[in-house]
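Reading through the structure tokens given below for one structure.
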Amino acid sequence: MAPITQDSIRNNLLRSLPVEAFASLLPAMEPIALPLKFCLVESNVANSHVIFIESGLCSLVAGSADGEDIEVGHIGYEGMSGGHSLLRVDRTPNRTFMQVAGHGIRVPVPDLMRLLDDPAVNALFMNYVHCCEVQLAHSALANARYTMHERLARRLLMCHDRITGDDLPITHEFLSLMLGVRRSGVTNELHVIEGVKAIRATRGNIRITDRARLESIAGACYGLPEQEYKRLIGFRPPASS
């Protein structure tokens, strides 16, 4: 396996670290495979590591006491699992698992905590926490004020932002969890969006064929959190594979 370097990795947070901070954290970094359904954060279990996503897509899911689940966020190479650790919280009632297989870089929580003593590093990660909060707030806004048609387009755009390429290997079951609706409702809305040639849906895959049209469908429920991430953290394109 090739050695980890700041130029070769994909994760935008690690790429955004000051060079000296990255070098300090490097001995604690461990590559990890992230297969489908792999659990990165268990509900109400203290996590020993955080994982910086290099490829794939993971879901942050909130669950109720009576077994109802809904996705409240997802993470790709722009972020990390275990974000509650940045707030010095050892566990969360939410869980995080892989919806699209990939790989990542695992770091022990104590090593990351020591790095937060650096003001520049702390600012980077607090900005990331803020961006996650803004994204969550806009998910609540979308759920309350926008149609399922618009919300589905928003979610597909968010997946597209986090997965390299135009093919999204996601299922109707996953989209149902995202939107909090039945699978039949997801299928109907996909047919509508496919009808205007913004996507092409096949079994277990959705290809984005016209992103601009998808953004037009999503309208105002997509874009502000993405602008906030760009403003505060910036985006450094992933290194070539």
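Which ones in segment 41-52 are in contact (Cβ under 8 Å) with a residue 60 or more places away in the chain and part of a strand (DSSP E or B)?
Within segment 41-52, HIS49, VAL50 qualify.
Within segment 205-221, identify whether any single residue is of a type outside the set (A, V, I, L, M, F, W, C), open to solvent by less than 50 Å² (accessible area, probe 1.4 Å) and in a helix (DSSP H, G or I), and answer yes or no.
yes
So that you can scan it fast, the table gives a plain yes or no per residue for (1) of a type in the set (Ser, Thr, Tyr); (2) under 22 Å from VAL134 (Cα atoms):
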position: GLU20; (1), (2): no, no
position: SER43; (1), (2): yes, no
position: SER55; (1), (2): yes, no
position: GLU68; (1), (2): no, no
position: ILE75; (1), (2): no, yes
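Which residue out of ARG183, ARG200 is in contact with a Leu (Cβ under 9 Å, 6 or more places away or on another chain), open to solvent by 40 Å² or more (accessible area, probe 1.4 Å) and not hydroxyl-bearing (Ser, Thr, Tyr)?
When all the criteria are applied, what remains is ARG183.
In this structure, does ARG106 turn out to be assigned to a strand (DSSP E or B) and either farther than 30 Å from PHE22 by Cα or hydroxyl-bearing (Ser, Thr, Tyr) (or both)?
Judged against the criteria, ARG106 is not a match.
Among the residues of segment 73-108 satisfying the criterion of being buried (at least 18 other Cβ atoms within 10 Å of the Cβ) and among the β-branched types (Val, Ile, Thr), which is nearest to ALA2 (Cα to Cα)?
ILE105
Is segment 15-24 home to any residue that is open to solvent by 60 Å² or more (accessible area, probe 1.4 Å), part of a loop (DSSP other than H, G, I, E, B) and touching a residue at least 40 places away in the same chain (Cβ under 8 Å)?
no
Among the candidates ALA218, ALA153, ALA212, single out the residue that is over 30 Å from SER8 (Cβ atoms), out of contact with any Pro (no Cβ under 7 Å at 6 or more places or on another chain), among the hydrophobic types (A, V, I, L, M, F, W, C) and without any contact (Cβ under 8 Å) to a residue 12 or more places away in the chain.
ALA212
Can you find even one residue in segment 179-201 that is under 16 Å from the mean Cα position of the chain (by Cα) and modelled with pLDDT under 95?
yes
What residue, among those in segment 110-123 that are exposed (fewer than 15 other Cβ atoms within 10 Å of the Cβ) and farther than 11 Å from ALA21 by Cβ, is nearest to the chain's Cα centre (by Cα)?
ALA123
Just name the residue that is farthest from ILE233 (Cα to Cα) out of those in segment 124-157 that are among the polar types (S, T, N, Q) and open to solvent by less than 30 Å² (accessible area, probe 1.4 Å).
Of everything passing the filter in segment 124-157, SER139 is farthest from ILE233 (Cα to Cα).
Mind counting the residues in segment 14-54 that are polar (S, T, N, Q), closer than 13 Å to VAL109 by Cα and in contact with an Asp or Glu (Cβ under 9 Å, 6 or more places away or on another chain)?
1
Would a scan of segment 158-172 turn up a residue that is at positive phi, at pLDDT below 95 and either open to solvent by 30 Å² or more (accessible area, probe 1.4 Å) or not in a strand (DSSP E or B) (or both)?
yes
Please give the number of the condition ASN11 fails out of (1) touching a strand residue (DSSP E or B) at 6+ places or on another chain (Cβ under 6 Å); (2) open to solvent by 10 Å² or more (accessible area, probe 1.4 Å).
Failed condition: (2).
The values are calculated or read from the model by the stated rules, or taken from the named source; none is laboratory data. All of these numbers come straight from a predicted model, not from anything done at the bench. So basically every Cβ, Gly included, is an ideal-geometry build from the backbone, and we count neighbours across all protein chains shown. Note: areas computed on protein heavy atoms with side chains; ligands, DNA, RNA excluded. Shrake-Rupley method; radii C 1.70, N 1.55, O 1.52, S 1.80 Å.
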